[in-house]
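Below: the structure, in C-alpha cells.
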Amino acid sequence: MADQCHMCLLGLIILCPLLTGKSEAEVIHVFSSSGENVRLPCNNALSDCSSTTWNYNRHSVAVELITLGIKKNNIERCERLSLGSDCSLNIKKVTQEDYGLYCCRQFVNGKQQGTDARVYLHFLHVSSSSSQTEIRPGSSVTLSCQLYYYGVSCDSLVRTDGIQLFWVNQADVSVMTDSRYQISSSSTDCISNLTTTLLNEDLNREWRCLVTQRNQLKTSATFTVKDSVSIFEFTQHGTSVASTTEKTQIPDTAPKSLWMLDHYSE
C-alpha cells in the first residue's frame, strides 16, 4: 500500500499534467467490487469522441487504453473495455487489477485541448481468515474488508470525501456496536475487520461490508455461511459513481453442525 502513496505525486505530475493557465477539471472517485460493470466519466469530452484518449496508471507507468476514440487491442483486458457514446470509459467485470488512476484527454490536430479529466477507480476486496477450512460452531472467524485506493491517502478519503467502511447483518442493521462482534479498523490502509464466534443459527446468515460516501452506498461485498454440502459463499454487488441503498435477503434454513468456508466472485 505504501507504493501507492509514494507514487501518487509522481503520477499526478507526469501522467496527468495540468496545462498552465487552465482551470483544473473535477476529480471523480469511483468505487467498485469484483464483477461489477463501471463507467468512468470523461468530463472534458468534446462533441466528437475521435479526439478522446484514455490513459491508465497505477505503477508510475502510463498505459494508453483508448487513442483518439479507438480502443487499443494490444493491451491486457482490452475485451473488457469500451468507449461510451459520451466518451466515458466502460469496464466490464471489474477486478482488483483495474483500480488506479484514469485520465481522459482531448487532442485536436495533435495538440491537447484543456485539462485532464481524472478518475480514481477504487476497489473493495473481502477475504476470510478461514478460507478452505472446515469449522464448527464455536470457532472464531475473521472477515477482512479492504478498500484498495490510489492517488490519495485513506485519511484523506475519510476526512475530505466522507468515505466509511462498516458492516451490517442480513437485515441491513449495523453490527458495529453489537457486543457479539469485534471490529478493528485501520484508517491508514482503509481496512475493517470483523471477528465473531460462529453459532448454530449462523447457517445461511450473511454479513455485508459497505462503502459509503456521505451516507450514500457506493459498493458492497457480502459473505454468507453455507452448510458443508456447499461452501462459504462470497458475493459482491454495488454501484459505481452514484448509488442507492441495496438490500439482500437470505432465506432461513435449518442450522447444520459443520460448515466449510471458502469464497468466489460473481
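I'd like to know if the stretch 63-81 contains one or more residues that are small (Gly, Ala, Ser), outside the structural domain of Ala221 (by TED's automatic domain parsing) and within 30 Å of Cys190 (Cα to Cα). Quick ask: steps written out before the conclusion?
Step one: list which residues in the stretch 63-81 are small (Gly, Ala, Ser), which gives 69.
Now restrict to residues that are outside the structural domain of Ala221 (by TED's automatic domain parsing): 69.
Now drop any that are not within 30 Å of Cys190 (Cα to Cα), which leaves none.
Looking through the stretch 63-81, none of the residues is small (Gly, Ala, Ser), outside the structural domain of Ala221 (by TED's automatic domain parsing) and within 30 Å of Cys190 (Cα to Cα).
Anything in the stretch 95-111 that is within 24 Å of Cys154 (Cβ to Cβ) and in a strand (DSSP E or B)? List them, or say none.
Going residue by residue through the stretch 95-111, those that are within 24 Å of Cys154 (Cβ to Cβ) are 95-103.
Those that are within 24 Å of Cys154 (Cβ to Cβ) and in a strand (DSSP E or B): Gly100, Leu101, Tyr102, Cys103.
Kindly indicate whether Gly162 is in the same structural domain as Ser130 (by TED's automatic domain parsing) and at pLDDT below 85.
It is false that Gly162 is in the same structural domain as Ser130 (by TED's automatic domain parsing) and at pLDDT below 85.
For residues in the stretch 62-84 being at pLDDT below 95 and polar (S, T, N, Q), which is surrounded by the most Cβ atoms within 10 Å (Cβ to Cβ)?
Asn73
Among the residues of the stretch 96-119, write down those that are of a type in the set (S, T, N, Q) and either in the same structural domain as Thr219 (by TED's automatic domain parsing) or in contact with a strand residue (DSSP E or B) (Cβ under 8 Å, 6 or more places away or on another chain) (or both).
Looking only at the stretch 96-119, we keep the residues that are of a type in the set (S, T, N, Q), and these are 96, 106, 109, 112-113, 115.
Matches in the stretch 96-119: Gln96, Gln106, Gln112, Gln113.
Of a type outside the set (Ser, Thr, Tyr) and either in contact with a helix residue (DSSP H, G or I) (Cβ under 8 Å, 6 or more places away or on another chain) or under 30 Å from Thr52 (Cα atoms) (or both), is that true of Leu147? Quick ask: steps written out before the conclusion?
On the way: of a type outside the set (Ser, Thr, Tyr): yes; either in contact with a helix residue (DSSP H, G or I) (Cβ under 8 Å, 6 or more places away or on another chain) or under 30 Å from Thr52 (Cα atoms) (or both): yes.
Here the answer is yes, as Leu147 does meet what is asked.
Hey, can you tell me all the residues within the stretch 112-140 that are on the phi < 0 side of the Ramachandran plot, at pLDDT below 80 and not in a strand (DSSP E or B)? Can you show your working first?
Of the residues in the stretch 112-140, the ones on the phi < 0 side of the Ramachandran plot are 112-113, 115-131, 133-137, 139-140.
With the extra rule that they be at pLDDT below 80, the set shrinks to 129-131, 133-136.
Within the stretch 112-140, Ser129, Ser130, Ser131, Arg136 qualify.
Listed here are the residues, each with its yes/no results for (1) under 30 Å from Arg214 (Cβ atoms); (2) assigned by TED's automatic domain parsing to the domain that holds Cys190; (3) modelled with pLDDT of 95 or more; (4) part of a loop (DSSP other than H, G, I, E, B).
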| residue | (1), (2), (3), (4) |
| --- | --- |
| Leu19 | no, no, no, yes |
| Glu24 | yes, no, no, yes |
| Asn55 | yes, no, yes, no |
| Ser60 | no, no, no, yes |
| Lys93 | yes, no, yes, yes |
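Does any residue in the stretch 177-206 that is at pLDDT 90 or above come within less than 8 Å, Cβ to Cβ, of a residue that is part of a loop (DSSP other than H, G, I, E, B) and of a type in the set (A, V, I, L, M) six or more places away or on a different chain, and which pairs are these?
Pairs that qualify, where the first residue is at pLDDT 90 or above and the partner is part of a loop (DSSP other than H, G, I, E, B) and of a type in the set (A, V, I, L, M), are Tyr181/Val175; Ile183/Val175; Ile183/Met176; Leu194/Val175.
Are there strands (runs of 3 or more DSSP E) fully within the stretch 160-229 with at least 2 residues that are out of contact with any helix residue (DSSP H, G or I) (no Cβ under 9 Å at 6 or more places or on another chain) and surrounded by fewer than 17 Cβ atoms within 10 Å (Cβ to Cβ)? List them.
On the way: elements: 163-169, 182-186, 191-197, 206-213, 216-224.
By residue number, 182-186, 191-197.
State yes or no: is Ser85 outside any strand (DSSP E or B), touching a residue at least 24 places away in the same chain (Cβ under 8 Å) and over 24 Å from Val175 (Cβ atoms)?
yes
Output the residues belonging to the stretch 65-80 that are outside any loop (DSSP other than H, G, I, E, B) and either of a type in the set (Val, Ile, Thr) or farther than 18 Å from Tyr150 by Cβ (or both).
Step one: list which residues in the stretch 65-80 are outside any loop (DSSP other than H, G, I, E, B), which gives 65-67, 70-71, 78-80.
Result: Ile66, Thr67, Ile70, Lys71, Cys78, Glu79, Arg80.
The values are calculated or read from the model by the stated rules, or taken from the named source; none is laboratory data. Only a predicted model underlies this, so the values are computations on that prediction, with no experimental measurement involved. FYI the Cβ positions are ideal-geometry reconstructions off the backbone, even for glycines, and counts take in every protein chain you see.
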